[in-house]
Each structure stands twice: as structure tokens, then as C-alpha cells.
Amino acid sequence: MEFKHVDVEMEFRVAPYQFEPTRSTRGETDDSGTDSSESSSDDDAELRPVEEWCSCGHCENMPTDRENVCCKQFPLCMEKMEPNTLKCVTHHEAFRVNCLNTDVLELAFYDYLDIHGHIGDEEPVHELYRHIGYRRFVRWIWHRLGKRNRKVLPSCVVNSIRQAFPSQEYCGFKYPRDY
């Protein structure tokens, strides 16, 4: 029987952070796995034509390329559309009732106030309804994302909610670290 010499000190040495991901040297990565420095330069680049990325026929170009996504690019949106063979998630009855109906949004707003507390009276009602409409869409599709987790919403959804509750200016999509 032959014994192999093992350096006990090397064999049982603690190596903290050995399996932790390392920070990218070119910039941080965002939730999609792309470099944020790359995505910001993509945002400044010329936007792709709607026909290249929209399959539902109801999307419009958004201010940044990361916002140029169609509902048909999301498997969970497709699941909602399949039983009814809809072309766009914005045609789904549940979308219209939950994200565009002012009575439903008003009730959802009261729930929002219970959780987040009172907001200023200077907040325009259309801005509130737009914000709650986005939140209800996320809840319908992804259920609960958790604090500071965000998803880019399909362009058709954003534009449908914006048409129902217009404003003079829009801020666009931001990750929590962006503000």
C-alpha cells in the first residue's frame, strides 16, 4: 500500500471569495448580462427600425435601444396570448381591465398608498395612473419581482398606457442604480 504525500496546509487552506464573480474591468454588467458601458453606447447609437424588433405590429421606437422590445419577445407574455391567439398582449382583456381601467387603477392606487405611504398632492393623476398601470402589468406577467428589481416593459405596453394617460414628458426605463 502506497501513500501519496499531501501538503495538509495547502489541502485545507481557506480561500475566501474563491467562487465569487469578479467585477468586469470595462464596466458593470446589467441584468441582461451585457456590459453597461456597452449598453449606454448602444443607447447613443442609431435605433433599429421597428420592423426589425417588433412582431406584434403595435410597438413604436423608444428613446433607447434597450427599451425597444416587443411583447412577443417575452415567453410569459406569449403564454397569456396563446389561448386567445392574440397578436399583441395589449389586446388581451386582462391587460385592458387591469392596466387601463381607471376604476381598477384607482383601487390599486389605494393599495399602493397603504404600502408606500402618502404622496404629494402635486402629483398629476395621469402620472399616477401610468405608474400604477406599469406596476399592474408587471404583477400580471411576472407576479412579484421584489424590491429594486425591474424589467423592461414591451414597447407596445408602454405606449398603450402612455396613450391612455398622456404626459408632456416621460422618463423612460431606469434600473435602480440609475438614480
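Observations on the structure shown:
- Residues that are among the acidic types (Asp, Glu) and touching a residue at least 40 places away in the same chain (Cβ under 8 Å), drawn from region 44-91: Glu60, Glu67
Rundown of residues vs (1) modelled with pLDDT of 80 or more; (2) farther than 20 Å from Ser155 by Cα, yes/no style:
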site	(1), (2)
Ser24	no, yes
Ser37	no, yes
Ala45	no, no
Cys54	yes, no
Glu60	yes, no
Cys88	yes, no
Leu107	yes, yes
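- Filtered residue count, region 82-101, keeping only those that are buried (at least 20 other Cβ atoms within 10 Å of the Cβ) and part of a helix (DSSP H, G or I): 4
- Considering residues of region 92-117 that are of a type outside the set (A, V, I, L, M, F, W, C) and touching a residue at least 24 places away in the same chain (Cβ under 8 Å) only, the residue farthest from His58 (Cα to Cα): Thr102
- Residue in region 164-177 that is at pLDDT 90 or above and surrounded by 11 or more Cβ atoms within 10 Å (Cβ to Cβ) present: yes
The values are calculated or read from the model by the stated rules, or taken from the named source; none is laboratory data. Worth saying up front: this structure is predicted, and the values here are computed from it rather than measured. Here the Cβ is made from the backbone with ideal geometry for all residues, glycine too, and neighbour counts use every protein chain on show.
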